[in-house]
Amino acid sequence: MEAVEDIKRYVCEDIRKGEICLLKIAICDDRKEDREKMNQYVQQFCREGMLQAEIKVFDHPDKLILACEKFRPHIYILDIVMPMVNGIQAARELKWNQPEAQIIFATSEGSFALESFDVNPVNYILKPVKKEKLFETLNLAIKRIHLEEENTVTIKVKGGYRTIYLSNILYLDYRNHVVSYHLLSGEMISTSTLRIGFAEYLMQNHEEDDIVLCHESVAVNIQAIDKLTRTELMVRNKEILPVTKSRYALVAEKYMNYRFC
């Protein structure tokens, strides 16, 4: 139970600071008995660690990949031997869209261990999964993702302020002296009327490299790009945004740095 005590101390410290946020975990296994047991263990881990979590369970990798375009888990627990797409192939696709995601493999087949290193998994656990081993691995995954340090931006809106997680932002657009944040959930949050231009607003509110202008009146979250060409890009909700010729090189540089660095 040492792993549980470790995560309890880790999470309790965040609760005292008021910095606790929601952990998202996805489990995928084609065997009903195994995925139910894994879900039971993960639920227990979160309960004993006093960790707020949203856990989703899938019986096929295709369902997992489709759902997680929006769900965006911090941790994936994957079987390897599954129909059509094995767990390592699924992990490669998931890591392409979510390089920061943590992968845990839980499988009855040990021969894939070397191949699994391609996606830098937290651990490779052989079935039957021992609860203590899983708890230790989840504890390591939690420490890797540093939930309390997840980037946010606070913007001034009519009547007050809103804080938004960077990972939920798709893009920003600027019209009539108002900046609108378009979110993965479909929500749009608009600032109050600004007295400065769009570029100056971005400099003041987005100092990091995560948000970049792709057009005079549009800025994209680099993390949200799924496809990029010289004239347009596609974000995670499949919406197409324009890319001007003068801005393509910078967008491409930041996009490649995010994907491969």
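The values are calculated or read from the model by the stated rules, or taken from the named source; none is laboratory data. Bear in mind the structure is a predicted one, so any value in this text is a computation, not a measurement. Ideal geometry is used to build each Cβ from the backbone, glycine not excepted, and the neighbour counts take in all protein chains shown. Side chains are part of the model used for accessible areas, which takes the heavy atoms of the whole protein and leaves out ligands, DNA and RNA. Shrake-Rupley method; radii C 1.70, N 1.55, O 1.52, S 1.80 Å.
General observations
- Any chance Phe135 is modelled with pLDDT of 90 or more and touching a strand residue (DSSP E or B) at 6+ places or on another chain (Cβ under 6 Å): no
- Evaluation of Val85 against (1) modelled with pLDDT under 90; (2) more than 15 Å from Thr107 (Cβ to Cβ) (one fails), failing number: (2)
- Residue list for the range 115-154, restricted to those being assigned to a helix (DSSP H, G or I), farther than 24 Å from Gly49 by Cα and touching a residue at least 40 places away in the same chain (Cβ under 8 Å): none
Yes/no per residue for (1) modelled with pLDDT of 90 or more; (2) outside any loop (DSSP other than H, G, I, E, B):
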{"site": "Glu207", "(1), (2)": "no, no"}
{"site": "Cys214", "(1), (2)": "yes, yes"}
{"site": "Arg230", "(1), (2)": "yes, no"}
{"site": "Leu233", "(1), (2)": "yes, yes"}
{"site": "Thr244", "(1), (2)": "yes, no"}
{"site": "Ala249", "(1), (2)": "yes, yes"}
{"site": "Ala252", "(1), (2)": "yes, yes"}
{"site": "Asn257", "(1), (2)": "no, yes"}
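- Any hit, the range 4-22, residues being among the hydroxyl-bearing types (Ser, Thr, Tyr), at pLDDT below 95, closer than 14 Å to Leu138 by Cβ and in contact with a helix residue (DSSP H, G or I) (Cβ under 8 Å, 6 or more places away or on another chain): yes
- The set of residues in the range 84-114 that are under 14 Å from Ala141 (Cβ atoms) and either touching a residue at least 60 places away in the same chain (Cβ under 8 Å) or polar (S, T, N, Q) (or both) comprises Gln98, Gln102, Ala106.
- Extreme residue, least open to solvent (accessible area, probe 1.4 Å), among residues of the range 48-66 that are of a type in the set (A, V, I, L, M, F, W, C) and over 14 Å from Val85 (Cβ atoms): Leu51
- A count restricted to the range 180-200 and to residues that are in a strand (DSSP E or B) and in contact with a helix residue (DSSP H, G or I) (Cβ under 6 Å, 6 or more places away or on another chain) stands at 1.
- Test: residue in the range 90-113 that is outside any loop (DSSP other than H, G, I, E, B), modelled with pLDDT of 95 or more and hydroxyl-bearing (Ser, Thr, Tyr): no
- Candidates in the range 185-213 are the residues that are closer than 22 Å to Glu69 by Cα and not aliphatic (A, V, I, L, M); of these, the one that is surrounded by the most Cβ atoms within 10 Å (Cβ to Cβ) is Asp210.
- Taken over the range 155-205, the residue count meeting the criterion of being of a type in the set (S, T, N, Q), within 22 Å of Val251 (Cβ to Cβ) and at pLDDT below 95 is 4.
- Note on the range 155-179: among residues that are part of a strand (DSSP E or B) and without any contact (Cβ under 8 Å) to a residue 12 or more places away in the chain, the one that is farthest from Leu233 (Cα to Cα) is Gly160.
- The residue of the range 240-261 that is nearest to Ala67 (Cα to Cα), among those that are touching a strand residue (DSSP E or B) at 6+ places or on another chain (Cβ under 7 Å) and open to solvent by 50 Å² or more (accessible area, probe 1.4 Å), is Ile240.
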